[in-house]
Amino acid sequence: MLHRYPKRVAYLMLVLTALVATFPLWGEAVFGNQANFMLEKLTLMLILALFAMSLDLLVGIVGLVSLGHALFFGLGAYTLALASPDFSPASMWWMLPLVIGVSACVGLIVGLLVIRTKGIFFIMTTLAFGQMLYYFISTSQFAGGTDGVFIMFRPSLAVGDTLLVDLDDPYSFFYFCLVTLLAGYLFLRWLTRSYFGQVLDGIHDNEHRMQALGYATSGYKLIAFVIAGVMASIAGMLAAMQYGFANPAQLGWHTSGEVLMMLILGGIGTIFGPILGAFAYEILLFVYEHATTHWPILMGLTIIVAVLVLPRGVAGLMIAPPWARKRRTTANDAPEKATVSAQPVTQSKVD
Amino acid sequence: MKNVKKTTLVAALGTTLTLSAMGLSANEDPVKLGLMLPYSGTYTALGEAITNGLKLAIEQEGGQLGGRDVEYVELDSEADPSKAPQNMSRLVNGDNVDFVIGPVHSGVAMGMLRVAKQTGAITIIPNAGLGAATNELCMPNVFRTSFSMWQDSYPMGKVAYEQGHRNIVTITWDYAGGKEDLAGFEEAFTAEGGDIVQQILVPFPSTEFQSYLTQIASLQPDAVYTFFAGGGGVSFVRDYAAAGLNESIPLLGSGFLTEGNLAALGDAGEGVMTTLHYAETLENDANRSFVAAYEDAYGEAPDTYAVQGYDTGMMLAQALNVLGGDTSDRDRLIDVLANVQLASPRGPMSFSDSHHPIQNVYLREIRDGKHEVVSIAAENLEVPDDACQM
Amino acid sequence: MDLAFFGVQLLNGLQYGLLLFLIASGLTLIFGIMGIINLAHGAMYMIGAYLVYDLTMRFGNFWLAILVAIPIAIALGLVIERLFLDTLYKRDHLYQVLLTFGLILVLNEAQRIIWGGDVHRVPVPAPFDASIQLTDNLQYSVYRLFVMGVCLVLAGVIYGVIRHTRLGIIIRAGAMNRDMVEGLGINVRTLFTLIFSVGVALTAFAGMIAAPLTSIAPGMGDSILITCFVVVVIGGIGSIKGAFWGAIIIGMATTFGAVLIPSLASMVIYLIMAAVLLVKPRGLFA
């Protein structure tokens, strides 16, 4: 898989990024005094986009469906919450490495146990581990139990005494999240087009073949698992900073299910798709919540429809819009219409 | 992608139009009350009772507070702590309410308090019994018209000892609210000289009690003190009776075990003794007229949750009447609220320095499906608030 | 804990385990034969409980309610299978997970719309509303004994069908190699519909008979779902015997774990699952 998409995709994404990045300029004009609230929502969308993107590495690129990815999300949130001193801000300089370190360790341990399984069993074991951590946190004294842990102060990003970025300021935090998301995207883009990424593609296609070719597939899968976990933990850390709160629900399987929903809405395997998916999910949620108190039905139906009718998600629409598809059957296609399908090859049922 | 942009634009347009229609905030404008209560899940009945009580109080004031109309924004908290900051933010920043009334669940309260601290929004807690809200985490803009877990459980400790019990098993859900409740009881009971044989913590919100009931039977205590609420309360009391334990081991609890649950309990509740800051059979003028009015309006007897909602309404009414409806001076508003004194259906009620109710706690026993008041377990009980730096 | 109480806890664990088996058996059949991960399985349990609550309130008779509720549950299973699952057989597990997750949202909320958010109880039906004395201060509900009996009988029936009938052979063959079975001329489509409906019916029935024992509350299907997944993974996907022993193990572990190691109680079943997967990745009876 080349993971290269038509130019129009890049243009659209750049336009959207610009739109998001300039929100502080046009936000008040459009939303009036709801602008602050919208900024909060937008920041949340950026954080969830990072979370969804990290899962795409596992689900879309390698083909490992994890129903426990919220484990890492919650882990990042709780690491921040528990490591933050009670009455003063932590420093990002050690908080970020701590979150990365803790999640990498956990990812390694869980990964070693979980990578051995395939297909349905992988889904089950990831679900189980997610639930294990959920119950562990829920019933523990030090982690605040089911009510969660407060974070009174966001970590500071300072050099000596000078504040580089004031993360308590909603606008600065918004840009911080945006930059983190972009960094994450560029990193994954580079990763998937690298040699490592191509091995992952091969594993997704046919693991036995790769093994026959001499690749230590388990090792590659494990590394991908850890990377995905670390990115999700960073997203969790940011989420905790946004809410001021870490809560066991962030670890539960409903959260794992929600992020999968973002993947399918956005488009699996595309890396940029899940970003769109996160936005789409949150926007739909916002609209549905305001439409009726029974919004879960709308969301549930949306997912069902998405699975049945739009399995490639929004990204799929961008890459291969319905009007473009007809032209593909002609022999002398313009090169830009010869798009690479975003749909991963269907998993072999031999588990 | 077009769909996404379109939806955003439509939403934005709609919001702008609505906001322009509302205009700037002025005294002629309605008082906006943001209700952050559970309208679904285990605590639905509580959310609805509080809302009913609140609205009844305001209707008795002619539907106005301090001469201004009242507008309600009802938001389903789902008793979900993880959504609390978002929801609170929606009410305060999105809907721009004047007062936030909520929540029921203590975990949700924690989430709300952070936003309350950031925004200074005036928050009145009509239920959540989390001690810290008017202690460690107290702040001038937060008030409570309900109780604290400690306040309703502490008096039972002495009562249990005086009834002759020396060895007691305590049981509750493993979460902050339950543990705080048990702590109040255990503090008083052990101070008298009693012994807590075992403290059983049930994973929240499980209602599979069989193995714990068996364990209690094997420990053979003099009595069992418990905290469960809502549906969990019903399950526990009924399972306790089904296991025949109520015949040999008296069941004690704070009132939440049975409050609002009398019909569902049926015979299983007979003889259960609880302590609470209210009982629907209280013989005072305010309560008599309140019970009549509530039954008239809603077709069912009120419980403590309805009273808490009612008192919140009365508190706002008293304060806003004093101010003539002027909510522009926040410091003055807070001051007036803090000095409110109510002849509540629950008895005389005033507020401590940490904005927490000073009130009576009653010992009640269920007889013939009603909470009969046996005695006043504690009079004008003020909750210790040494950790509050306000 | 003395011997008498140990015995009672054993009884508690057995009762819980048997009920779990009823739900898990449906799940393992659907998993094993159809290859479908049905996250909405727990919602079926919830629907069974709510149906029986609703109908008991209507008819005033628990047994009549069950009689009417069973066909309704089967019909629901048929509808879901034909409408949604049809397209999923050839698709990735991911889509099954997502679609059934969406189904959970729809079903849970539909329940809220129809029956509201309150918590309900169904009274223990006559003639089982008595208790027998087990020790000086502890009684045991006769209804719980009845539930255990029903689960055992059903377990026997299921086992009998699987082991000793032609249908059973087809089911076992289908679990091993679906394409071959199809190649042998057996209508796999009808088989699947049958299996799914039976699976749903078993689960809903479990919800029905469990109704007088638990609180009927929104989301009650979610917690039982995860536990059943653990049971199925421990026992082995597609194995009824595995579902049975897995359920008993989990039932005992949960019951004894709650009283012996309360701090770890909720994690115990996952630790067991992790241990089993390390030693026997396909489950105990795969």
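The values are calculated or read from the model by the stated rules, or taken from the named source; none is laboratory data. This is a predicted model, so every value here is computed, not measured. Counting neighbours? That spans all protein chains shown, and the Cβs are built from the backbone with ideal geometry, glycine included.
For segment A:249-351, list the helices (runs of 4 or more DSSP H) that sit wholly inside it and hold at least 3 residues that are at pLDDT below 85 and farther than 25 Å from C:I104 by Cα; which are they?
On the way: elements: A:253-266, A:273-291, A:295-309, A:313-319, A:322-325.
Qualifying helices (runs of 4 or more DSSP H): A:313-319, A:322-325.
A:Y5 falls short on exactly one of the conditions (1) farther than 20 Å from A:F174 by Cβ; (2) more than 14 Å from chain B (Cβ to nearest Cβ); (3) not in a helix (DSSP H, G or I), and that condition is (2).
If you go through segment C:226-250 one residue at a time, how many are among the aliphatic types (A, V, I, L, M) and at the interface with chain A (Cβ under 9 Å from one of its Cβ atoms)? Steps first, answer last, please.
Kept after step one, since they are among the aliphatic types (A, V, I, L, M), are these residues of segment C:226-250: C:226, C:230-234, C:237, C:240, C:243, C:247-250.
Imposing the further condition that a residue be at the interface with chain A (Cβ under 9 Å from one of its Cβ atoms) reduces the set to C:226, C:230, C:232-233, C:237.
Residues that pass the stated criteria total 5.
Scan segment C:80-94 and tell me whether some residue there is buried (at least 19 other Cβ atoms within 10 Å of the Cβ) and within 16 Å of the chain's Cα centre (by Cα). No, every residue in segment C:80-94 fails to be buried (at least 19 other Cβ atoms within 10 Å of the Cβ) and within 16 Å of the chain's Cα centre (by Cα).
So that you can scan it fast, the table gives a plain yes or no per residue for (1) more than 14 Å from chain C (Cβ to nearest Cβ); (2) assigned to a helix (DSSP H, G or I); (3) buried (at least 19 other Cβ atoms within 10 Å of the Cβ):
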{"position": "B:M36", "(1), (2), (3)": "yes, no, yes"}
{"position": "B:G47", "(1), (2), (3)": "no, yes, yes"}
{"position": "B:G53", "(1), (2), (3)": "yes, yes, yes"}
{"position": "B:V70", "(1), (2), (3)": "yes, no, yes"}
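When you go through C:T227, C:T165 one by one, which is the residue that is farther than 30 Å from C:A110 by Cα, at pLDDT 85 or above and out of contact with any Lys or Arg (no Cβ under 9 Å at 6 or more places or on another chain)?
On the way: C:T227 fails: farther than 30 Å from C:A110 by Cα.
Step by step, each of C:T227, C:T165 is checked, and only C:T165 is farther than 30 Å from C:A110 by Cα, at pLDDT 85 or above and out of contact with any Lys or Arg (no Cβ under 9 Å at 6 or more places or on another chain).
Of all the listed residues (B:G253, B:G325, B:G309, B:G313), the sole one being in contact with a helix residue (DSSP H, G or I) (Cβ under 8 Å, 6 or more places away or on another chain), away from every other protein chain (no Cβ under 14 Å) and not in a helix (DSSP H, G or I) is B:G253. Against the list (1) without any contact (Cβ under 8 Å) to a residue 40 or more places away in the chain; (2) within 11 Å of another protein chain (Cβ to nearest Cβ); (3) under 24 Å from A:L238 (Cβ atoms), the condition A:G130 fails is (1). Identify, please: which residue in segment A:138-155 is at the interface with chain B (Cβ under 9 Å from one of its Cβ atoms) and either among the small types (G, A, S) or assigned to a helix (DSSP H, G or I) (or both) and is, among those, surrounded by the fewest Cβ atoms within 10 Å (Cβ to Cβ)? Across segment A:138-155, the extreme among qualifying residues is A:G145.
Can you go through C:P127, C:P123 and tell me which one is more than 12 Å from every other protein chain (Cβ to nearest Cβ) and surrounded by fewer than 16 Cβ atoms within 10 Å (Cβ to Cβ)? Steps first, please.
Numbers: C:P123 fails: more than 12 Å from every other protein chain (Cβ to nearest Cβ).
One residue alone meets the criteria, C:P127.
May I ask you to verify whether A:G229 is over 30 Å from B:S106 (Cβ atoms), assigned to a loop (DSSP other than H, G, I, E, B) and among the small types (G, A, S)? In short, no.
For segment C:23-40, the count of residues that are out of contact with any strand residue (DSSP E or B) (no Cβ under 8 Å at 6 or more places or on another chain), part of a helix (DSSP H, G or I), within 11 Å of chain B (Cβ to nearest Cβ) and modelled with pLDDT of 90 or more is zero.
Residues in segment B:216-231 that are at the interface with another protein chain (Cβ under 7 Å from one of its Cβ atoms) and surrounded by 23 or more Cβ atoms within 10 Å (Cβ to Cβ): B:A217, B:G230, B:G231.
Answer with yes or no whether B:Q151 is surrounded by 24 or more Cβ atoms within 10 Å (Cβ to Cβ) and either within 25 Å of the chain's Cα centre (by Cα) or in contact (Cβ under 8 Å) with a residue 60 or more places away in the chain (or both). Yes. When segment C:273-286 is filtered for residues that are in contact (Cβ under 8 Å) with a residue 40 or more places away in the chain and within 11 Å of chain A (Cβ to nearest Cβ), the ones remaining, listed by number, are C:M273, C:V276, C:L277, C:R282, C:G283, C:A286. Residue count for segment B:121-144 under the criterion of being surrounded by fewer than 20 Cβ atoms within 10 Å (Cβ to Cβ) and either over 20 Å from B:A387 (Cα atoms) or hydrophobic (A, V, I, L, M, F, W, C) (or both): the result is 2.
Check whether at least one residue in segment B:281-292 is assigned to a helix (DSSP H, G or I), acidic (D, E) and under 30 Å from B:H165 (Cα atoms), and report yes or no. Full working, then the answer.
Start the filter on segment B:281-292 by keeping residues that are assigned to a helix (DSSP H, G or I), which leaves B:285-292.
If we keep only those that are acidic (D, E) as well, we get B:285.
Then drop every residue that is not under 30 Å from B:H165 (Cα atoms), which leaves none.
No, every residue in segment B:281-292 fails to be assigned to a helix (DSSP H, G or I), acidic (D, E) and under 30 Å from B:H165 (Cα atoms).
Any residue at all in segment A:91-101 that is farther than 30 Å from C:I36 by Cα, within 14 Å of chain B (Cβ to nearest Cβ) and touching a residue at least 40 places away in the same chain (Cβ under 8 Å)?
Here is the first cut: in segment A:91-101, the residues farther than 30 Å from C:I36 by Cα are A:91-101.
Those left that are additionally within 14 Å of chain B (Cβ to nearest Cβ): none.
No - not one qualifying residue is present in segment A:91-101.
Count of segment B:123-160 residues, restricted to those that are among the acidic types (D, E) and under 22 Å from B:E379 (Cα atoms), is 1.
In this structure, does B:T207 turn out to be buried (at least 24 other Cβ atoms within 10 Å of the Cβ), more than 25 Å from B:H356 (Cα to Cα) and hydroxyl-bearing (S, T, Y)? If you could, list the steps in order and put the result at the bottom.
Details: buried (at least 24 other Cβ atoms within 10 Å of the Cβ): no; more than 25 Å from B:H356 (Cα to Cα): yes; hydroxyl-bearing (S, T, Y): yes.
So B:T207 does not fit the description; no.
Among the criteria (1) over 22 Å from the mean Cα position of the chain (by Cα); (2) more than 10 Å from chain C (Cβ to nearest Cβ); (3) surrounded by fewer than 24 Cβ atoms within 10 Å (Cβ to Cβ), the one B:F189 does not fulfil is (3). Scanning segment B:176-196 for residues that are in a strand (DSSP E or B) and touching a Lys or Arg at 6+ places or on another chain (Cβ under 9 Å) returns a single hit, B:D195.
If you check C:V8, C:V52 for being among the hydrophobic types (A, V, I, L, M, F, W, C), within 13 Å of chain B (Cβ to nearest Cβ) and in a helix (DSSP H, G or I), only one passes: C:V8. Is it the case, given these coordinates, that B:S354 is under 28 Å from B:Y72 (Cα atoms) and not assigned by TED's automatic domain parsing to the domain that holds B:A268? Criteria met by B:S354. Within the set A:G252, A:G300, A:G267, the sole residue that is within 14 Å of chain C (Cβ to nearest Cβ), farther than 26 Å from A:L98 by Cβ, touching a residue at least 24 places away in the same chain (Cβ under 8 Å) and of a type outside the set (D, E, K, R) turns out to be A:G267.
Looking at segment C:136-216, what helices (runs of 4 or more DSSP H) fall wholly within it and have at least 1 residues that are closer than 30 Å to B:P205 by Cβ and touching a residue at least 60 places away in the same chain (Cβ under 8 Å)? Walk me through how you get there before you give the answer.
Values: elements: C:142-164, C:166-176, C:178-183, C:188-210.
Answer list for segment C:136-216: C:142-164, C:188-210.
Quick check: anything in segment B:260-269 closer than 25 Å to C:L213 by Cβ, within 17 Å of the chain's Cα centre (by Cα) and within 14 Å of chain C (Cβ to nearest Cβ)?
Start the filter on segment B:260-269 by keeping residues that are closer than 25 Å to C:L213 by Cβ, which leaves B:260-269.
Adding the requirement that they be within 17 Å of the chain's Cα centre (by Cα) leaves B:260-261.
Those left that are additionally within 14 Å of chain C (Cβ to nearest Cβ): B:260-261.
Scanning segment B:260-269 turns up at least one residue that is closer than 25 Å to C:L213 by Cβ, within 17 Å of the chain's Cα centre (by Cα) and within 14 Å of chain C (Cβ to nearest Cβ).
Quick one: which of C:L145, C:L138 is modelled with pLDDT of 90 or more, more than 25 Å from C:T193 (Cα to Cα) and hydrophobic (A, V, I, L, M, F, W, C)? Don't jump to the end; show me each part of the working.
Numbers: C:L138 fails: modelled with pLDDT of 90 or more.
When all the criteria are applied, what remains is C:L145.
Here segment C:251-271 is the region considered, the condition is being part of a helix (DSSP H, G or I) and within 10 Å of chain A (Cβ to nearest Cβ), and the residue that is nearest to the chain's Cα centre (by Cα) is C:I269.
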